[in-house]
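Taking it in order: structure first as structure tokens, then the write-up.
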Amino acid sequence: MMKNKDFLDILVEISEMMNDITDIDSLLSRIVELAKGYLNVSRVSVMLKEGDFLKIVAGAGLNFDYKDFKIKVGEGASGLVAKTGETLVVNESKNMNSEFGYQAKSYMCIPLKVKENIIGVLNITDKVNDYFDENDVKIGKYMASQCALAIERYNLYEEEKKSEKLKLIGKFTSSIAHDIKNLLNIIQGYVELLEIELDDHPALKEYIDSIVTELKMIHGLTLDILDFSKKNIMLRRDEVRLSELISEIKKHADIMIKFTDIDFTISYENDTSLFIDKEKIFRVFMNLINNSIEALNGKGVIKIDAKVMDEYVVFEVYDNGIGIKKENIDKIFDPFFTSGKIKGTGLGLAVTKEIIIAHGGEISVESEEGEYTKFIIKLPVKK
Ligand SMILES: Nc1ncnc2c1ncn2[C@@H]1O[C@H](COP(=O)(O)OP(=O)(O)OP(=O)(O)O)[C@@H](O)[C@H]1O
Ligand SMILES: [Mg+2]
């Protein structure tokens, strides 16, 4: 039978492709093209989970722009497969409306699994003049396993690249940070002497106070860099009331926006206790507020809300600044990624993410270019 020979060709072709996973997009595109041709179907797509949604990342025969297309996990046929992890095969279903708005005659949806994790699905739709038989399902499953494998390898490769970068940062920065830290100690000593001398000048004393506070921040920052370059952030955790954290953030943010037209508000619904490294979490908010201020160009709104939800405090940090370009949104947490700034180092969000992860929390971002940016942070409450 011709088919067997073709299938061998495909096996060889796919295994050769798997040797170079650096360009995952074109690799997946080639796999779906192969699947479409070999199974003789009209449409094939790979969808990957992103949070609660499934997004199309590669397609063959799709005659619509799928860049912004998404389906909620659990909804629709592919959403269901992504939730249950069970392969779905539908034949002769003349009235079936796929979620893409097509009428599909036959449809097969196979979960993409990495170990026990479902990372997405492979959709195979409408076999030309025919329906899916057992063999087709087997081949579909093989294609799905290769897609999942390619994605897993690609992710590992990206992780590897990142940790190489981190090692490099380590080499460069730790020695510099160390020196800065020592110099700061000396400055701090002198400032404290000044403070003693200025006992009867309350106004000047207030300025000195601010200098001491900021010096402490820079000192903390150098510690962060040292931690970060070692790739293990050391936390000094204490019980901290949410209300206390919020009022400290407010105090500092008010100083930061003093000479701008920025409207800063911060609020929380219910008070609770967190078990956190206060200085580090504080720095997280300073990083985010700094970014928002830079995105606002002197005018606009920064709004922080905190809500207790189940075991977490969920913070939303919103600004109506320039927003983040779609093509950059996946890169902003990478070390050294910076854009649109004269003196950005691109470490702010990388450190921020490390700190949140070290606390067992999560951070994500939503943004619309020219409209807004919103960072969402989840921190576990103290048990
Ligand atoms: N609120 C925001 N609005 C718009 N863009 C943002 C926002 N926050 C971050 N970004 C984008 O993400 C990039 C990375 O931010 P990050 O804080 O890591 O580095 P940076 O601000 O450029 O430099 P620095 O290390 O000095 O903080 C920024 O350069 C900017 O393009
Ligand atoms: Mg920044």
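The values are calculated or read from the model by the stated rules, or taken from the named source; none is laboratory data. Remember, it's a predicted structure, so these values are computed and weren't measured experimentally. A quick note on method: Cβ atoms are made from the backbone with ideal geometry, for glycine too, and the neighbour counts reach across all protein chains shown. These accessible areas exclude ligands, DNA and RNA; they are computed on the full protein's heavy atoms, side chains included. Shrake-Rupley method; radii C 1.70, N 1.55, O 1.52, S 1.80 Å.
For segment 110-140, residues that are open to solvent by less than 30 Å² (accessible area, probe 1.4 Å) and within 16 Å of Glu33 (Cα to Cα) total 10.
Results for (1) at pLDDT 90 or above; (2) closer than 22 Å to Ile151 by Cβ; (3) not assigned by TED's automatic domain parsing to the domain that holds Gly120, shown as yes or no for each residue.
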site: Thr22; (1), (2), (3): no, yes, no
site: Gly37; (1), (2), (3): yes, yes, no
site: Asn40; (1), (2), (3): yes, no, no
site: Leu48; (1), (2), (3): yes, yes, no
site: Asn91; (1), (2), (3): no, no, no
site: Asn95; (1), (2), (3): no, no, no
site: Phe100; (1), (2), (3): no, yes, no
site: Lys105; (1), (2), (3): no, no, no
site: Met108; (1), (2), (3): yes, yes, no
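Residues that are near ligand 1 (Cβ under 9 Å from one of its atoms) and open to solvent by 50 Å² or more (accessible area, probe 1.4 Å) within segment 340-352 comprise Gly340, Lys341, Lys343, Thr345, listed in sequence order. For Glu279, the test of being more than 11 Å from ligand 2 (Cβ to nearest atom), open to solvent by 80 Å² or more (accessible area, probe 1.4 Å) and touching a helix residue (DSSP H, G or I) at 6+ places or on another chain (Cβ under 9 Å) is passed. Could we say that Thr265 is free of Cβ contacts under 8 Å to residues at least 12 places away in the same chain and open to solvent by 30 Å² or more (accessible area, probe 1.4 Å) here? So Thr265 fails the test.
Could you pull out the residue among Leu149, Leu204, Leu166, Leu194 that is in a helix (DSSP H, G or I), open to solvent by less than 70 Å² (accessible area, probe 1.4 Å) and farther than 25 Å from Phe53 by Cα? Just one listed residue meets the conditions, Leu166. Residue count for segment 359-372, restricted to those that are more than 15 Å from the chain's Cα centre (by Cα) and surrounded by 17 or more Cβ atoms within 10 Å (Cβ to Cβ): 2. Looking across segment 297-307, the residues that are open to solvent by 50 Å² or more (accessible area, probe 1.4 Å) and either of a type in the set (Val, Ile, Thr) or within 15 Å of ligand 1 (Cβ to nearest atom) (or both) come down to Asn297, Lys299, Lys303. In segment 311-320, the count of residues that are crowded, with 20+ Cβ neighbours inside 10 Å, assigned by TED's automatic domain parsing to the domain that holds Lys374 and either acidic (Asp, Glu) or at positive phi (or both) is one or more. Within the option set Glu197, Glu269, Glu206, Glu192, being assigned by TED's automatic domain parsing to the domain that holds Gly348, of a type in the set (Asp, Glu) and more than 16 Å from ligand 1 (Cβ to nearest atom) holds for one residue only, Glu269.
Residue by residue through segment 60-87, note down the ones that are among the hydrophobic types (A, V, I, L, M, F, W, C) and open to solvent by 80 Å² or more (accessible area, probe 1.4 Å). Step through it out loud before you land on a result.
Taking segment 60-87 and keeping what is among the hydrophobic types (A, V, I, L, M, F, W, C), we get 60, 62, 64, 69, 71, 73, 77, 80-82.
Passing the criteria: only Leu80.
Evaluate segment 287-296: report whether one residue or more is exposed (fewer than 15 other Cβ atoms within 10 Å of the Cβ), more than 8 Å from ligand 1 (Cβ to nearest atom) and either under 20 Å from the mean Cα position of the chain (by Cα) or modelled with pLDDT under 95 (or both). Looking through segment 287-296, none of the residues is exposed (fewer than 15 other Cβ atoms within 10 Å of the Cβ), more than 8 Å from ligand 1 (Cβ to nearest atom) and either under 20 Å from the mean Cα position of the chain (by Cα) or modelled with pLDDT under 95 (or both).
The lone criterion from (1) in contact with an Asp or Glu (Cβ under 7 Å, 6 or more places away or on another chain); (2) at pLDDT 95 or above left unmet by Val314 is number (1).
A quick yes/no check of all residues on (1) in contact with a strand residue (DSSP E or B) (Cβ under 8 Å, 6 or more places away or on another chain); (2) more than 23 Å from Lys326 (Cβ to Cβ):
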| residue | (1), (2) |
| --- | --- |
| Ile10 | no, yes |
| Asn19 | no, yes |
| Asp23 | no, no |
| Leu27 | no, no |
| Val32 | yes, no |
| Tyr38 | no, yes |
| Val44 | yes, yes |
| Asn63 | no, no |
| Ile71 | yes, no |
